[in-house]
Structures are given as structure tokens and as C-alpha cells.
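Written below as C-alpha cells is the structure these notes are about.
Rule-based calculations on the coordinates, nothing more; no lab input. Just so you know, these numbers come straight off a predicted model, no measurement behind them. Note: ideal-geometry Cβ built from the backbone for every residue, glycine included; neighbour counts use all protein chains shown.
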Amino acid sequence: MVEPVNWALAARVGAAVARPGPRTTRAEAVGLVAELRESAAAAVDYIEQITGLTAAAEAASRLPVLIVDRLGFVRANVGTVHAVADRLVTEPASFPGRQVAGVQTGVVFALLAARTLGQFDPYGAAALRPGPAHAASAGARVPAHAAPAPEPAGRLLVVAPNVLRFERELDVDPSDFRLWVVLHEQTHAVQFCAAPWLPAHLLGLLGRLLAEEEGGDLAQLLDTVRRLPRSLTEPDAHARRAGPADGVLTQTGRDLFDQVTAVMSLLEGHADVIMDAVGPKVVRTIEEIRPKFDARRAAGGRWERAVRRLAGLDAKLAQYRDGAAFVRGVLARVGHEGLAAAFVAPANLPTPAEIADPAAWVARVHG
């Protein structure tokens with residue numbers, strides 16, 4: 001079968017387009033990498049103390065932490081998406097289509113490589129082994145009792161040159177900023193360790209979306225998804241559902257996409273709340289870092305905004321905002337122990353409507 005994307009071309013294009021990071025001395029680079037590793041290890045303990053997810057935090061502490069440059073980020077993401085696509089795509093692609101998709105994929109990952117501070121990747125080789133994930137990728141329902149829950153898997157990527165760039169631009173305390181950043185990413189590791197079924201669940205939703213849209217043509221689906229972020233940045237859920245996505249996806253496709261967005265909003269919002277919950281006793285200058293970081297996150301001229309839309313970063317901002325509001329609403333009612341129920345089973349994940357109405361989620365899950 002001809003693969004839908006020329007993955008080798010995607011890696012080459014990404015490597016060619018990605019810009020080098022900020023200038024630094026060898027000693028500074030070595031110190032940065034060492035401190036990021038130390039911060040990643042320390043972050044898990046803080047997350048455990050806040051969330052009470054002890055078993056998940058212990059599992060997360062055993063997962064690999066990769067401190068990478070921008071080229072390493074591109075290569076890692078191309079490899080992951082390649083592995084995921086192999087599980088989801090069964091239709092052959094034309095030669096021109098796979099070349100175009102290869103270029104598009106490489107360019108998008110190069111753009112992300114210059115802007116991403118860190119990333120938890122739950123789709124490493126171990127997470128994509130045959131089993132329940134394979135059934136889920138085909139759209140089948142996998143009962144909770146059908147097989148033991150998979151062992152937590154994944155890897156944490158921290159893009160060192162971007163951390164260095166941001167801390168310089170923001171003019172913040174380097175040690176505080178490095179710990180603050182990895183608190184967010186390690187929260188994702190803890191989330192996926194608390195819900196080892198989650199990678200297969202997301203893969204199943206994406207598989208159903210892929211089957212629904214464009215007859216399984218990944219190149220066209222990538223183009224479809226790339227056009228969606230603007231619809232996710234409207235101020236309320238109704239506006240998002242009535243946005244440009246209505247002319248892009250079928251009703252079933254929109255429903256599936258909204259489900260994926262709701263899950264990602266939970267994950268991103270939870271991580272954003274946790275990274276601030278440690279407070280100044282742990283991150284001494286956190287009250288200085290957060291407003292500077294949010295201002296930098298929202299800033300940008302016309303070109304920067306265009307890049308954010310192309311790479312899907314505007315959608316990410318909406319997920320941070322909506323998800324954090326949901327998490328705070330749940331915490332105010334049932335605390336961290338109550339929120340932990342979201343990671344017990346797929347049925348406990350918030351629906352798209354519940355992301356905007358945390359009281360409704362609490363009522364449904366906790367009665």
C-alpha cells in the first residue's frame with residue numbers, strides 16, 4: 001500500500017524549514033538540559049501532592065524524559081504521526097497527494113518546533129502495540145472488562161532552545177520558569193498514567209473521524225483539520241459550533257471533532273491549573289511569570305497570527321481557556337478527588353457541552 005504521506009519528505013522539509021534556536025554557550029546549554037531534567041523529576045512530586053494521583057504520579061516518574069532541540073522535535077513528531085497514521089489509514093494515496101501531504105506535515109511541524117516548549121507524547125511504540133488500541137482505532141467499543149488496562153506508556157519532550165528563548169524574552173527567573181513549564185507537561189504524563197485507556201480512546205475517535213470525512217484520505221483530512229482552528233476561538237460554545245467548521249465537516253464529523261476538543265480542553269486546562277497551583281512557595285516568581293507568559297501567548301502581529309492559525313495554536317489557546325475554566329469550576333465543587341473521576345473511564349470524560357458547564361458534569365458523574 002502506498003502510504004498517504006511521504007514521511008521521509010515530511011522529515012526533510014521539517015528539518016529544512018525549522019530555524020535554529022537562540023545562541024548559547026556550551027556550558028549554558030549543558031546546564032539548561034541538566035536543570036530541565038531535574039525539574040521534570042521534581043515536578044511529578046508536586047503534581048502528586050496537589051492532585052492526590054499517587055499511583056499515576058509514580059508511573060509517570062518512570063517514563064522517559066527527552067530534552068530535544070527543534071530538529072529533534074520535528075523528527076519525534078513525524079515519527080509519532082507516522083505510527084498513528086499506520087494504525088488509522090487503510091486507503092492508498094496517489095503520488096502527488098502524498099508528496100503534498102509530506103510537505104504540509106513538515107512545514108507544520110517546523111512551525112510548531114519554534115513555538116512549543118514541551119509535549120507529552122502518549123503514542124510511543126509501546127502505546128501503539130496491538131490490543132484494545134487496535135480495536136478502538138477501528139471504531140469498535142471496547143468494554144472496560146474486556147481486557148486489562150494497558151500499562152502507561154509515552155514520553156515527555158522538552159524543547160530546550162524554546163525554553164531558553166522564552167525565558168530570555170520574558171525576562172523571568174530561569175530556574176522558576178523551567179520548573180513552571182515542566183509542571184504543565186508532567187501533568188499530562190500523570191493524566192495519561194491515571195487513564196492508560198485514554199490513548200486508545202482518542203485513537204478511536206480519530207479513526208471514526210477519519211472514516212467519516214473524505215473517505216479515509218489523510219491528506220485531505222489534514223487540510224480539513226488545518227482549516228478548523230479559527231472556529232474554535234470564538235467566545236462561546238454556540239459560536240464555535242456555528243463557525244466555519246459547519247461548512248467543512250459533516251454533522252457526525254463535527255460531533256466527533258467536538259468530542260476530541262472536549263478531551264483536549266480537559267487535559268490542557270487541568271495542566272494549566274496545576275502549573276499555577278504550586279504557588280510561590282515552589283515557583284517563587286510565579287505571579288510575575290504567569291501574566292508575562294499569557295501576554296506573550298496572546299501577542300503577535302499579522303504574520304504570527306497567521307502562523308498560529310496554520311499550526312493550530314489558536315485552537316490550543318481556546319482549549320487552555322475553556323478547559324481551565326471547567327477545571328476550576330469542578331474543583332470549586334468537588335475538589336481534586338472529585339475531578340480525578342474524569343480519568344477513571346471514557347464515560348466520565350466531559351462532553352463538549354459540559355466543558356462550558358462544569359456543574360452539569362459534576363451532577364452527571366457524582367450525582
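Against the empirical 2.2 N^0.38 Å (N residues), the stretch 1-102 has a Cα radius of gyration ratio of 1.48. Other residues lying with their Cβ under 12 Å from the Cβ of Thr51 contribute a combined charge of -3, Lys and Arg counting +1, Asp and Glu -1.
Charge tally around Glu35: other residues with Cβ under 14 Å, Lys/Arg +1 each, Asp/Glu -1 each, net -3.
Positive end of the charge dipole of the stretch 153-194 (Lys, Arg +1 and Asp, Glu -1 on Cβ, about the Cα centre): tell me which of Ser175, Ala189, Pro161 has its Cα farthest that way. Toward the positive end, the furthest listed residue is Ala189. When each of the peptides 197-206, 276-285 is scored by the mean number of other C-beta atoms lying within 10 Å of its residues, the order from highest to lowest reads 197-206, 276-285.
How much net charge surrounds Leu71 when only the other residues with a Cβ under 12 Å from the Cβ of Leu71 are counted, with Lys and Arg +1 and Asp and Glu -1? Let's see the in-between values first.
On the way: positive: Arg12, Arg19, Arg70, Arg75; negative: Asp69.
Once all neighbours under 12 Å are counted, the net charge is +3.
Quick one: grab the alpha carbon gyration tensor of the stretch 314-356, order the square roots of its eigenvalues as a ≥ b ≥ c, and give me rounded if a/c is under 1.5, else prolate or oblate depending on whether a/b is larger than b/c. Taking the square roots of the gyration eigenvalues as a ≥ b ≥ c, the stretch 314-356 is oblate.
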